[in-house]
Every structure is written in structure tokens, then in C-alpha cells.
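Novice: Sharing a structure below in C-alpha cells format, with a few things to ask.
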Amino acid sequence: MRRKSRTTLLAAGLVTVLTAGPLAVPAFAAPAPSVSAGTTAGPDTEALSAAIAGLPDHDATAALLRVGGDGTWRGTAGVRDVRTGAPALENGRFRAGSVTKVVTAAIVLQLVAEGRIDLDGTVQEYLPGLLTKDFKDPVTVRQLLNYTSGLGPGGPLGDTVEETYPHRFETLTPREVVAASVADGPAYAPGTEQHYGNIHYTVLGLLIEKVTGDSYAHQAAVRIFRPLGMRHSSFPAGPDPRIHGAHNRGYDWIDGRLVDVTDWNMSDRFAAGDLISTTADLERLLVGLFRGRVVPEPQLREMFTLPRVPGAQYGAALQRFEVGGKVIWGKTGSRPGYATVIAATRDLSRTLVYSVNSTDAKGDGAATAERFGFPAFNR
């Protein structure tokens, strides 16, 4: 069982954190949340303040929230490190997980606008030999972008945090991930179903490198990060397991104990989930993208267009959902110890970016979103 009963965490100093070895956590009072509001109009500030009150607790050790649009609100709560009780860093870096896919989709769509990639072009044409002869139907770039490619999951080092934790410093290359997927053959006919997964964007990362003759990370830097002023966003150098720069440490419940999972080799996530960023940087990405400063029309429409398949929820990277009667477009991301969301109304009347140091980031993401995200769209 991963989850224990909801009891007060840390204040009583009853948990053990595993890094190099067991460490007793000293008792300390939870730091007071830091909150600032730009205007009285806009988001439900009372609900947002309540969401971060009392951190750290059983479900999260820290939370960083930025709400914008018609009215602004900023909130920071929790601790940077459970061993010391130091307050969480408002501008701390974190693993943004699958929010990476927004960056990847933007690069691909820029290359489409430049005439270097065709949305109806195929993997078989651009990356010959990557797919086996079992893939008799063409797999298009558009199908990769909207998760309808027919490719099944790649070769993970485990399906849960418990399973992958012992392998956290091992390297699984993107091509090894793709090879494991391809070995199983098509999971379904391309363009007939939508199945969210990393594999589509792992292939897109390889496509970017093939077309540009450059590394994916450098293309992200010159095409996205630098133009938008995302000075604190980057990708790890190969298998480097560390988050460089100031950051709040991440934790997860493993076998009933709270474990430090901050250091982790994420090389297998690649263009699907390897991004390290800050809430301020991701807000720049979100606003710049929706305003058309990153991807030009008509290519930007791909991100807000659902494929015509049953139950489709995603365009190119972005997911469509509704909160309180509002249509929201956004992207979630999770890595052990870190849960991230970027979301906004299409007209940017309300924007949300958060990073929560969730102790079950790869588990019940819906509960995290309901607690920390939904209040941003209450009114």
C-alpha cells in the first residue's frame, strides 16, 4: 500500500526520509504561506489561500502557484527540505514532466511553418528504419502530435515509483524506448484512436534532431527559451540526475516511508518529459504561446484542434477540459516528487501555473488538480 491514513506530517517529526540513508526529521512548525494579490478582482483568493494552508502535509511538502489574467495571485507554501524545515523557494526550479510536450509541439509546428516538416509527412519518410515492416500504415507527424499514432508505450524501467526508484540512476536512451515500442508492433491503426503517452513525443524529439541536425535541447533553447526570456529553463545534460540551481526537494511515499526522490536520471523522458523550469518561466511560455508569439497561425490552431476520434481530449500537446463552465486548455506534468500544471482560457482571461511537491505525483493527479488548480477558475 502506498498511501497511509491522512495524518499530520512533519510537525510531529514522525517520518523518515531516505537519501543516502535514513535521516530522522526534526520537529518544526510549518512555515507560514507567502501570498500576494495584484488586484481584488479575479480569482477566488480565499479558496487559493486555503489550498496551500497547512503545508507540508501528507500529500505535499511545498506548493508554488501563479494565477494571472484578469487579476493576479501568487502563493508559496511548504518547505524546501523536510530535514531542515527551510521555507519553500518561490522561484525554485523543478521537474516539469510532460509540460515538456508543449515545448516539443511548438518546435515541430515552427518547423512546419518554415516548410521543413509537413504535418502529413510520415515517420517512415523522415526517420527511415525507425519503424519495422509491421507498421504497414503510414504514421504522420500530425498523428504523433495528437497522440493518435498507433505506437504503444516504450520500454520503461518500471510502471510505478516503487519499481523505478532502484533504477533511478540508470540510463535508457530515447532510441531504446522507441525500439521497445516498435518491437510490439502497432497498438492500433494510426488515426483511429487517441491514447496519451510519451512515445509519440519521444519520436517527435528524434524528428526534430533529424530535421535540424541539432540536439533537441539546443533547439528548445534557441527557439523557445531565449526568445521568451525563460532564463531558468533547461534540460539535464544526458544522464545528469541533479536539478541545478535553487530548488525545493521532491519526496514520495515508498513502502510507507517518505523518500527523497529529487535526484533522478530522466534521460528516457527526453522530449516527452525532461524539462526543468520555474513557475515564472512556464507562465511566460503559456502566455507567449496563446498570444501567437511562439507558433504562428495557422499552425497554432493544431494545438487547439481535437482529432475526430472517439473520446478525444487532446490537440497537439494541449488538453481541453472544463472547470466551472469555463473551457480550459492546458498540460499537466509529473515526475516523482513534482506535479506541474499550465492552463488558461483561450483568451488568457485566466491563467494558472503551479508546481506542487506532491508525495504521490505519479498517482492521483486529479486530487492534486482539484485542490490546487480548480480554485483558480472558480470565478
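Novice: Any chance region 302-325 includes a residue that's at pLDDT below 95 and assigned to a helix (DSSP H, G or I)?
Specialist: no
Novice: Given the structure, is residue 304 surrounded by fewer than 15 Cβ atoms within 10 Å (Cβ to Cβ), closer than 30 Å to residue 111 by Cα and among the aromatic types (Phe, Trp, Tyr)? Lay out the reasoning, then the answer.
Specialist: Numbers: surrounded by fewer than 15 Cβ atoms within 10 Å (Cβ to Cβ): yes; closer than 30 Å to residue 111 by Cα: yes; among the aromatic types (Phe, Trp, Tyr): yes.
For residue 304, the condition - surrounded by fewer than 15 Cβ atoms within 10 Å (Cβ to Cβ), closer than 30 Å to residue 111 by Cα and among the aromatic types (Phe, Trp, Tyr) - is met.
Novice: Please work out if residue 361 is at pLDDT below 95, crowded, with 22+ Cβ neighbours inside 10 Å and in a loop (DSSP other than H, G, I, E, B). Before the answer, list the steps.
Specialist: On the way: at pLDDT below 95: yes; crowded, with 22+ Cβ neighbours inside 10 Å: yes; in a loop (DSSP other than H, G, I, E, B): yes.
Judged against the criteria, residue 361 is a match.
Novice: Mind checking which residues of region 318-356 are out of contact with any helix residue (DSSP H, G or I) (no Cβ under 7 Å at 6 or more places or on another chain), aromatic (Phe, Trp, Tyr) and buried (at least 24 other Cβ atoms within 10 Å of the Cβ)?
Specialist: 338, the sole residue that qualifies.
Novice: Identify all residues within region 270-303 that are over 18 Å from the mean Cα position of the chain (by Cα) and closer than 18 Å to residue 141 by Cα; write none if there are none. Please lay out each step first, then the result.
Specialist: First, the residues of region 270-303 that are over 18 Å from the mean Cα position of the chain (by Cα): 291-302.
Listed by number, the residues that qualify are 295, 296, 297, 298, 299, 300, 301, 302.
Novice: Ok, one more. Identify all residues within region 332-379 that are β-branched (Val, Ile, Thr) and out of contact with any Asp or Glu (no Cβ under 6 Å at 6 or more places or on another chain); write none if there are none. It would help to see each step written out before you state the result.
Specialist: Looking only at region 332-379, we keep the residues that are β-branched (Val, Ile, Thr), and these are 332, 340-342, 345, 351, 353, 356, 359, 368.
The answer is 332, 340, 341, 342, 345, 351, 356, 368.
Novice: Among the residues of region 199-240, which ones are within 17 Å of the chain's Cα centre (by Cα) and in a loop (DSSP other than H, G, I, E, B)?
Specialist: Within region 199-240, 230, 232, 233, 235, 236 qualify.
For (1) under 18 Å from residue 341 (Cβ atoms); (2) charged (D, E, K, R); (3) in contact with a Phe, Trp or Tyr (Cβ under 6 Å, 6 or more places away or on another chain), each residue gets a yes or a no:
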| site | (1), (2), (3) |
| --- | --- |
| 225 | no, no, no |
| 233 | yes, no, yes |
| 240 | no, yes, no |
| 251 | no, no, no |
| 267 | no, no, no |
| 280 | yes, no, no |
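Novice: Checking the structure you have, find out if any residue of region 238-251 is of a type in the set (Phe, Trp, Tyr), touching an Asp or Glu at 6+ places or on another chain (Cβ under 7 Å) and more than 30 Å from residue 79 (Cβ to Cβ). First the steps, then the outcome.
Specialist: From region 238-251, those of a type in the set (Phe, Trp, Tyr) are 251; that's our starting set.
If we keep only those that are touching an Asp or Glu at 6+ places or on another chain (Cβ under 7 Å) as well, we get 251.
Then keep just the ones that are more than 30 Å from residue 79 (Cβ to Cβ); that gives none.
No, every residue in region 238-251 fails to be of a type in the set (Phe, Trp, Tyr), touching an Asp or Glu at 6+ places or on another chain (Cβ under 7 Å) and more than 30 Å from residue 79 (Cβ to Cβ).
Novice: Please state which one of 85, 71 is out of contact with any Leu (no Cβ under 6 Å at 6 or more places or on another chain), in a loop (DSSP other than H, G, I, E, B) and closer than 23 Å to residue 254 by Cα. Outline the logic, then answer.
Specialist: Details: 71 fails: closer than 23 Å to residue 254 by Cα.
The match here is 85.
Novice: Whether any residue in region 43-66 is at positive phi, buried (at least 17 other Cβ atoms within 10 Å of the Cβ) and at pLDDT 95 or above is what I want to check. Steps first, please.
Specialist: Keep residues of region 43-66 that are at positive phi, which gives 54.
After this cut, where a residue has to be buried (at least 17 other Cβ atoms within 10 Å of the Cβ) as well, the list is none.
No: region 43-66 contains no residue that is at positive phi, buried (at least 17 other Cβ atoms within 10 Å of the Cβ) and at pLDDT 95 or above.
The values are calculated or read from the model by the stated rules, or taken from the named source; none is laboratory data. Given the structure is predicted, the values throughout are model-derived calculations rather than measurements. Note that we place each Cβ from the backbone using ideal geometry, even for glycine, and neighbour counts take in every protein chain shown.
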